[in-house]
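Student: Got a structure for you, written out below as structure tokens; questions coming shortly.
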Number of protein chains: 2
Amino acid sequence: MDEELSLDCHDWEDLRHSFQIAADLCISKMEGVRDDAVWTPTPDRVKAHFNKALPQEGAALDSLICDFQENILPYGTGNGHPRFWGWVHGSGSAAGALGEMLAGFMNSNVGGRDHIANHVERQVIDWCKNIFDFPSSASGILTSGTSMGTIIALNVARNEKADADVQNLGVSASRRLVGYASAEAHGCNTKAFDLLGLGRESLRAIAIDDRFRMKPDMLRDKIAADRTAGLRPFVVIASVGTVNTGAIDDLCAISDICRAEGLWLHIDGAFGGLARLTDRFRGELEAMSMADSIAFDFHKWLHVPYDAGCVIIKDEAAHRAAFSARREYLESTETGLAGGAPWFCDYGPELSRGFRALKVWFTIKAYGIRKLAALIQQNCAQAKNLEAMVLAAPELELCAPTHLNIVCFRMLFDKPPQATDALNKQIVAMLQTQGIAAPSTTTIDGKTVIRVCITNHRTRSEDLALLVSEIRRLGGLIDPQV
Amino acid sequence: MDEELSLDCHDWEDLRHSFQIAADLCISKMEGVRDDAVWTPTPDRVKAHFNKALPQEGAALDSLICDFQENILPYGTGNGHPRFWGWVHGSGSAAGALGEMLAGFMNSNVGGRDHIANHVERQVIDWCKNIFDFPSSASGILTSGTSMGTIIALNVARNEKADADVQNLGVSASRRLVGYASAEAHGCNTKAFDLLGLGRESLRAIAIDDRFRMKPDMLRDKIAADRTAGLRPFVVIASVGTVNTGAIDDLCAISDICRAEGLWLHIDGAFGGLARLTDRFRGELEAMSMADSIAFDFHKWLHVPYDAGCVIIKDEAAHRAAFSARREYLESTETGLAGGAPWFCDYGPELSRGFRALKVWFTIKAYGIRKLAALIQQNCAQAKNLEAMVLAAPELELCAPTHLNIVCFRMLFDKPPQATDALNKQIVAMLQTQGIAAPSTTTIDGKTVIRVCITNHRTRSEDLALLVSEIRRLGGLIDPQV
């Protein structure tokens, strides 16, 4: 046999130096982010660079780091910038990136077996159970985000509430299973119903009140109508922080309905759930502990690098029953590597899973939950502050009440509705392409609005004042009559 | 308002230094891995360390790095060690860890929008389409692994082949959908049928031949029987590399049946698929290009850090139709951050997705596909070499033919079958707990066997010779009659 190959390098000092160069680059970017454009469109030349043939031969790490510096680093989403407020993005952090690097070296498969990553993940889940006042007997699993967490929770709920063995026989064996969420609920819930074989139409959209919250009376009526029609209601999904406006459903009223009707209560707390850590929202979110399951993200308001979410489920046995299905090659043993518990493959669809818990552990340990909570509260105060600036500006119109951290408003133009919509979109595109700020847009009551979602630990009040003045300036530029 | 907080540090030089210390630690571990125990059980003291209350206050990064060094780094799975051959684990690499660190800093959400991470992911998918001779019009998405890739592919297949609008109405609206895989197929396929609402029993296990491959005649018969029973066959899952023995199903025969019957052909190529890169297996795996979808992993035989898999799907429109469901807040625009294409949330269940493509891109660019392929071929040659050693040892029995990279064998004892099973388990546990080597066990034809799966770029022939001698030594220790 020829000399045996490996991927290891010949010069380990060189490798140390490469990591140092690469980390320094990224730290410099983070240090100077306030002076950068929020977002820079990727030039066509750079796009073409990622349209190459499969590389046959290797390249030196240092040349790849240069490639990264030139062609990747400048063209990110911009969510590390203090004036990024689009969709719901966390800002990231150094501790999170450090945890990600160490996970990359550990290269753990956290699907099972007896090794430390399982203990770190269990620790993080225990902390989450504590945050939401779930009992210590509850279970949980880290996920890529709330979309996956929702799929896992609804799968457990589906199996528990069906009137047949749907796990083995399929959902056709049960009376048709239907669920409920507010008309403002996140699209991931509909996608979960689809994936789980229940059908998108089996998730009923319940009408909302003037604060964009599900109307409990309408929920009760719809459940009754579905029962009359011979269907099998099984779950209500309450939103804690809707994407459009940050609305929080009335958890006490919904929880009462679920208990009376024997339905599973799932909470979509993707970003809003962690507001329970703050003095301001603790009371309103007290009733989250009544839920059967909660899905939420670390990569939003805890600023853990993407992706990192979690689902916790009160009934551990139901959770395990839904996903445990190990074949002979995954048998546990009492001693050795095949020992240990839990095996996370018993709590979700994945047999291979990375060591996502490490970056969460690093983030919470490095900053402490008190500071992370203070930053959530700071963002909510900044949103109220922005709302006040909008209300004070005669050419701006507030389009939804600001409850959590989202402000929806628009610039008024003396134009027909469609033209006004287009001009507001144009303002947002100009803010983004000029690198000034990155809000996003959405539609509220049929109107296009500018949507500012502050899940950003770097935002200062001066950034929001700049946003308002720039919107007024750009609005005047594109329509001088304003 | 008080002074505004952020998570940024006060001393950026300190931060640079912390990353340097942390990277150096991990690189030293990698450099010296051959001299380490393969696996070290986590002491109870260390387990207790991860059973602490939610930290209220933060801690210095350097103290967390010490914590990592003491309590996490020594207690990994061991899959970086040259004598780790348990289950199917990749060995990781420096380039992959570097990519992971950079992704941690980029903090990209690759669910959508116009930024560079989408281009890097599309580039990686294009390379995969090239590897499997899929047309450029095919689509794909990076996943946590083959489990998720399978769920995505089967969801597309389900929607395409149902006789009703199951996406909106649920699978109950269609005649019962059934699929087929070999009795040796991976458990993730059964879990996917469960999750998708089809039921575990709707995946039929087809009998295998003496090389552990699905019998095409049995497949044809079962499809006919299901049709006669009024069911709706929709998919055949062919295995390229089964977990137990590395068997490769007869792709030409299965592909012919799928074409004749109008069924979707999905290939589970979790680790074996990439053997198509080698001269030795290119011919046998030529017909992978006939599949409608292929799921496989980068974190196994390409040694990308966990987790990283992929699914490619020949019919892009069907793929997009299955997952595209964007709400108003995710509307695309022509210019600005909300532009760009593709948006990967249209190709899978996740709205938030990390920048997993970067570590894959780094791995392939750093080592080149030629060397990565040579390492796959090297592992297969090492497996044949081990098989020869087993055949030459009178007290060892080969329990399955070695075709790819897996060798299943056992030590013979003059004992009843159950006792022999237990002794072989004991040998594997001793190998692991003494840090000598880490094969795993499985069951073949009702017998417990020692299973050595070589997906390891650090393994040398001498490591396998040591394994055989240590098994014989330990066998003699636990039963001196041998």
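Student: Scan A:Ala270, A:Ala275 and give me the residue that is touching a His at 6+ places or on another chain (Cβ under 7 Å) and either part of a helix (DSSP H, G or I) or of a type in the set (Gly, Ala, Ser) (or both).
Tutor: A:Ala270
Student: If you scan region A:348-391, which residues turn out to be polar (S, T, N, Q) and in contact with a Phe, Trp or Tyr (Cβ under 9 Å, 6 or more places away or on another chain)?
Tutor: Listed by number, the residues that qualify are A:Ser352, A:Thr363, A:Gln377, A:Asn379.
Student: Does region B:339-348 contain any residue that is touching a residue at least 24 places away in the same chain (Cβ under 8 Å), touching a Cys at 6+ places or on another chain (Cβ under 9 Å) and either of a type in the set (Ser, Thr, Tyr) or not assigned by TED's automatic domain parsing to the domain that holds B:Gly149 (or both)?
Tutor: Scanning region B:339-348 turns up no residue that is touching a residue at least 24 places away in the same chain (Cβ under 8 Å), touching a Cys at 6+ places or on another chain (Cβ under 9 Å) and either of a type in the set (Ser, Thr, Tyr) or not assigned by TED's automatic domain parsing to the domain that holds B:Gly149 (or both).
Student: Is it true that B:Gly368 is under 24 Å from the mean Cα position of the chain (by Cα) and surrounded by fewer than 23 Cβ atoms within 10 Å (Cβ to Cβ)?
Tutor: Yes.
Student: Please note which helices (runs of 4 or more DSSP H) are completely contained in region B:119-222 and include at least 2 residues that are touching a residue at least 40 places away in the same chain (Cβ under 8 Å) and within 23 Å of the chain's Cα centre (by Cα).
Tutor: B:146-161, B:187-195
Student: Here's a follow-up. Which residues, counting only those in region A:223-247, are in contact with a strand residue (DSSP E or B) (Cβ under 6 Å, 6 or more places away or on another chain), part of a helix (DSSP H, G or I) and of a type in the set (A, V, I, L, M)?
Tutor: A:Ile223
Student: Considering only residues that are small (Gly, Ala, Ser) and in contact (Cβ under 8 Å) with a residue 60 or more places away in the chain, look in region A:28-82 and name the one that is farthest from A:His299 (Cα to Cα).
Tutor: Restricting to residues being small (Gly, Ala, Ser) and in contact (Cβ under 8 Å) with a residue 60 or more places away in the chain, the top hit is A:Ala37.
Student: Name every residue in region A:321-363 that is of a type in the set (A, V, I, L, M, F, W, C), crowded, with 24+ Cβ neighbours inside 10 Å and at the interface with chain B (Cβ under 9 Å from one of its Cβ atoms), in order of residue number.
Tutor: Result: A:Ala322, A:Leu337, A:Ala338, A:Cys345, A:Leu351, A:Phe355, A:Leu358, A:Trp361, A:Phe362.
Student: Can you work out which of the residues in region B:37-73 that are small (Gly, Ala, Ser) and more than 7 Å from every other protein chain (Cβ to nearest Cβ) is farthest from A:Lys359 (Cα to Cα)?
Tutor: Restricting to residues being small (Gly, Ala, Ser) and more than 7 Å from every other protein chain (Cβ to nearest Cβ), the top hit is B:Ala37.
Student: Considering B:Leu375, B:Leu396, B:Leu386, which residue is of a type outside the set (D, E, K, R), facing another protein chain (nearest Cβ under 7 Å) and touching a residue at least 60 places away in the same chain (Cβ under 8 Å)?
Tutor: Testing whether each residue is of a type outside the set (D, E, K, R), facing another protein chain (nearest Cβ under 7 Å) and touching a residue at least 60 places away in the same chain (Cβ under 8 Å) leaves just B:Leu375.
Student: Looking only at region A:74-102, count every residue that is closer than 26 Å to A:Leu15 by Cα and more than 7 Å from chain B (Cβ to nearest Cβ) and tell me the total.
Tutor: The qualifying residues number 2.
Student: Something else about it: List the number of the failed condition for A:Ala422; all other conditions in (1) small (Gly, Ala, Ser); (2) closer than 20 Å to B:Arg113 by Cα; (3) surrounded by 22 or more Cβ atoms within 10 Å (Cβ to Cβ) hold.
Tutor: With respect to (1) small (Gly, Ala, Ser); (2) closer than 20 Å to B:Arg113 by Cα; (3) surrounded by 22 or more Cβ atoms within 10 Å (Cβ to Cβ), A:Ala422 is out only on (3).
Student: The conditions are (1) of a type outside the set (Lys, Arg); (2) touching a strand residue (DSSP E or B) at 6+ places or on another chain (Cβ under 8 Å); (3) assigned to a helix (DSSP H, G or I), and B:Thr442 fails exactly one of them. Which is it?
Tutor: It is condition (3) that B:Thr442 fails.
Student: Looking at B:Leu404, B:Leu372, B:Leu466, can you tell me which residue is modelled with pLDDT of 95 or more, in a helix (DSSP H, G or I) and over 30 Å from A:Ile65 (Cβ atoms)?
Tutor: Of B:Leu404, B:Leu372, B:Leu466, the one residue that is modelled with pLDDT of 95 or more, in a helix (DSSP H, G or I) and over 30 Å from A:Ile65 (Cβ atoms) is B:Leu466.
Student: In region A:341-351, is there at least one residue being farther than 28 Å from A:Met101 by Cβ, at pLDDT below 95 and part of a loop (DSSP other than H, G, I, E, B)?
Tutor: Taking every residue of region A:341-351 in turn, at least one turns out to be farther than 28 Å from A:Met101 by Cβ, at pLDDT below 95 and part of a loop (DSSP other than H, G, I, E, B).
Student: Another question, if that's okay. Hey, among the residues in region A:106-116 that are out of contact with any His (no Cβ under 7 Å at 6 or more places or on another chain) and closer than 14 Å to B:His299 by Cβ, which one's nearest to the other protein chains (Cβ to nearest Cβ)?
Tutor: Across region A:106-116, the extreme among qualifying residues is A:Asn107.
Student: Only one of A:Asp421, A:Asp414, A:Asp463, A:Asp445 is acidic (Asp, Glu) and farther than 29 Å from A:Ala270 by Cβ; which?
Tutor: On inspection, the qualifying residue turns out to be A:Asp414.
Student: Further question: Failed condition for B:Ala59, given (1) in contact with a Gly (Cβ under 9 Å, 6 or more places away or on another chain); (2) surrounded by 19 or more Cβ atoms within 10 Å (Cβ to Cβ), with all others met?
Tutor: Of everything listed in (1) in contact with a Gly (Cβ under 9 Å, 6 or more places away or on another chain); (2) surrounded by 19 or more Cβ atoms within 10 Å (Cβ to Cβ), B:Ala59 misses just condition (2).
Student: For A:Asp11, state whether it is in contact with a helix residue (DSSP H, G or I) (Cβ under 8 Å, 6 or more places away or on another chain), surrounded by fewer than 21 Cβ atoms within 10 Å (Cβ to Cβ), outside the structural domain of A:Ala308 (by TED's automatic domain parsing) and of a type in the set (Asp, Glu).
Tutor: no
Student: Are any residues in region A:129-142 under 20 Å from A:Ala275 (Cβ atoms) and either more than 10 Å from every other protein chain (Cβ to nearest Cβ) or not hydrophobic (A, V, I, L, M, F, W, C) (or both), and if so, which ones?
Tutor: A:Lys129, A:Asn130, A:Phe132, A:Asp133, A:Phe134, A:Gly140
Student: Please enumerate the residues belonging to region B:202-234 that are surrounded by fewer than 17 Cβ atoms within 10 Å (Cβ to Cβ) and among the acidic types (Asp, Glu).
Tutor: The answer is B:Asp209, B:Asp210, B:Asp217, B:Asp221.
Student: Of all the residues that make up region A:32-76, how many are among the hydroxyl-bearing types (Ser, Thr, Tyr) and within 19 Å of B:Pro342 (Cβ to Cβ)?
Tutor: Summing the residues that are among the hydroxyl-bearing types (Ser, Thr, Tyr) and within 19 Å of B:Pro342 (Cβ to Cβ) in region A:32-76 gives 2.
Student: Of the residues that sit in region B:180-190 and are surrounded by fewer than 24 Cβ atoms within 10 Å (Cβ to Cβ) and touching a helix residue (DSSP H, G or I) at 6+ places or on another chain (Cβ under 9 Å), which one is nearest to A:Asn159 (Cα to Cα)?
Tutor: If we take residues in region B:180-190 being surrounded by fewer than 24 Cβ atoms within 10 Å (Cβ to Cβ) and touching a helix residue (DSSP H, G or I) at 6+ places or on another chain (Cβ under 9 Å), then B:Thr190 is nearest to A:Asn159 (Cα to Cα).
The values are calculated or read from the model by the stated rules, or taken from the named source; none is laboratory data. The structure presented is a predicted model; accordingly, all values stated were derived computationally and were not measured. Here the Cβ is made from the backbone with ideal geometry for all residues, glycine too, and neighbour counts use every protein chain on show.
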